[in-house]
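Everything on this sheet refers to the single structure shown next.
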Amino acid sequence: MANEKVYLKDPAAILDYAFDWSTWLTSGDSIVSATVVAETGLTVDSSAASGTAVTAWLSDGEPGDLYRVTCQVVTTAGR
């Protein structure tokens, strides 16, 4: 199942974007690590996991272009 969203971003801005995994995790499960990857042209400056969410800070890009950003997680339950 895809959970796709579209955001607008100025190429000069470094903005944070959240991936909310709460509806996908069972009660008591939380994220222990995350990998965030962006298509060429968009830069993942950093990312951090906390509880059931991952925040990624993105920069660069070109006006009017679309970039796919993916977030994969590992949870305390080994999912």
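The values are calculated or read from the model by the stated rules, or taken from the named source; none is laboratory data. It should be emphasised that the depicted structure is a prediction, and the values quoted were computed from it without experimental measurement. Neighbour counts are summed over all protein chains in view; Cβ atoms, including those assigned to glycine, are modelled from backbone coordinates with ideal geometry.
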(request) Go through 78, 51, 28, 41 for me and flag whichever is of a type outside the set (Ser, Thr, Tyr) and closer than 21 Å to residue 7 by Cβ. (result) 41
(request) Please work out which residue is modelled with the highest pLDDT, limiting yourself to the range 4-39 and to residues that are assigned to a loop (DSSP other than H, G, I, E, B) and within 12 Å of residue 69 (Cβ to Cβ). (result) 39
(request) Please tell me if residue 65 is part of a loop (DSSP other than H, G, I, E, B), touching a residue at least 24 places away in the same chain (Cβ under 8 Å), charged (D, E, K, R) and within 17 Å of residue 4 (Cα to Cα). (result) yes
